[in-house]
Every structure is written in C-alpha cells, then in structure tokens.
1. Hey, can you tell me all the residues within region 25-42 that are over 15 Å from the mean Cα position of the chain (by Cα) and of a type in the set (D, E, K, R)?
2. For residues that are under 15 Å from the mean Cα position of the chain (by Cα) and surrounded by 15 or more Cβ atoms within 10 Å (Cβ to Cβ), tally how many sit in region 1-24.
3. Pick out the one residue from 67, 58 that is more than 11 Å from the chain's Cα centre (by Cα), surrounded by 17 or more Cβ atoms within 10 Å (Cβ to Cβ) and not basic (Lys, Arg).
Amino acid sequence: LVEGHTDNLPINTETFPSNWELSAARAASVVHLFARRGVDSSRMAAIGYGEFRPIADNDQEEGRKQNRRVALVIMLKQHERETLDLRSASSNR
C-alpha cells in the first residue's frame, strides 16, 4: 500500500481541487514508479488520506513539511477480502 498525505493548508487548483486529490496523486506517482521498476502492479494500491492523518503539528512550517509525505505499508501475506453482494442481502429481507 502506498499512502499519500498532505498538510492541512487548503489547495484548490485545476489539477488538485483539494488535498484529497493531491495526496492520491502523490501515492499514485509512487505506485507508477514502482511499476516501471518491475513491481507487480496487482500487488500495489494507492491511497490518498489528504490532511487527515498528520504525524506532526500543522501549526508550524516544520510540522507541515513532515505531513507532506508518502508512506509505504508492506504486508507479509496477501489479505483475503470478503465481499458482500448487496443485491442478495436486500432480497433476503
């Protein structure tokens, strides 16, 4: 998993209308880099958290710099995910 983060200063550009898009783009750029370097794309995911998971205080520039980051989460085993077919669940009511 590649997690993108931002500081809490609002952004509003044509490319990045919000911190959500900016953080997702940061994560996606790392995923693309790894894919170009040979990492299996099916084993990666890009996640944008925006400003909602800070690691430092956003009141100072130094803290904001630390919050503008990408984090890598490396899992030892592939997780199995269960899915719920909502059509089937609602027809059982």
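1. Listed by number, the residues that qualify are 36, 37, 40.
2. Residues of region 1-24 that are under 15 Å from the mean Cα position of the chain (by Cα), as a first pass: 1-7, 16, 18-24.
Then drop every residue that is not surrounded by 15 or more Cβ atoms within 10 Å (Cβ to Cβ), which leaves 2-7, 16, 18-24.
Going through region 1-24 one residue at a time, the tally reaches 14.
3. Details: 58 fails: surrounded by 17 or more Cβ atoms within 10 Å (Cβ to Cβ).
The match here is 67.
Just so you know, all these numbers are worked out from the coordinates, no wet-lab data involved. Worth saying up front: this structure is predicted, and the values here are computed from it rather than measured. No Cβ is skipped: glycine too gets one built from the backbone with ideal geometry, and neighbour counts run over all protein chains shown.
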